[in-house]
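Where a number appears in this text, it was derived from the coordinates with a stated rule and is not lab data. Since this is a predicted model, take the numbers as computed values, not measurements. Please note: Cβ atoms are built from the backbone with ideal geometry, for glycine as well, and neighbour counts cover all protein chains shown.
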Amino acid sequence: MIASLPRRRALAAAVAIGFGPAAAGPAHAHSELHHTEPADGAVLRGSPPAIALLFAAPVRVMTLRLLDERGREQRLVREGAPGAAATEIRATVQEALPPGAYRVEWRGASPDGHVGGGTLSFRVERAGR
């Protein structure tokens, strides 16, 4: 029995490797986030006028939030029809953001029904700095 344990592990590894690409296949059907404005990790000279998420395929973004470094939500106004699937989700920043760190959180559903989300962060510095 002890001698068969390494064989079982080897068999399990071979099966995992063999099914790895097949298991990863459906993940490619999910809508992938290609680009954001501002870019994740960006340092901006002044407040951004808008937040944008660009996807490979239409996504129905259910939540989009902009939070400051203390976790306070900043006001965004989404463009387009609420709940409509789109490859570009854009929201106007309603008030100029003061210098500091910000985080965008989003959650949405792709056409295949997969629900996912993510975050991006950026920093605002004083203009002319």
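Taken along the Cα-to-beta-carbon direction at a fixed 7 Å, the label points for residue 112 and residue 92 span 3.6 nm.
Under the combined filter of DSSP loop state and at most 15 neighbouring Cβ atoms within 10 Å, segment 60-115 retains these trypsin sites (Lys or Arg not before Pro): 70, 72, 75. What does the net charge come to around residue 73 if you take all other residues with beta carbon closer than 10 Å to its beta carbon, with K and R at +1 and D and E at -1? Cβ neighbours under 10 Å give a net charge of +1. Here 61, 77 are placed in order of increasing Cβ neighbour count within 10 Å, fewest first, which gives 77, 61.
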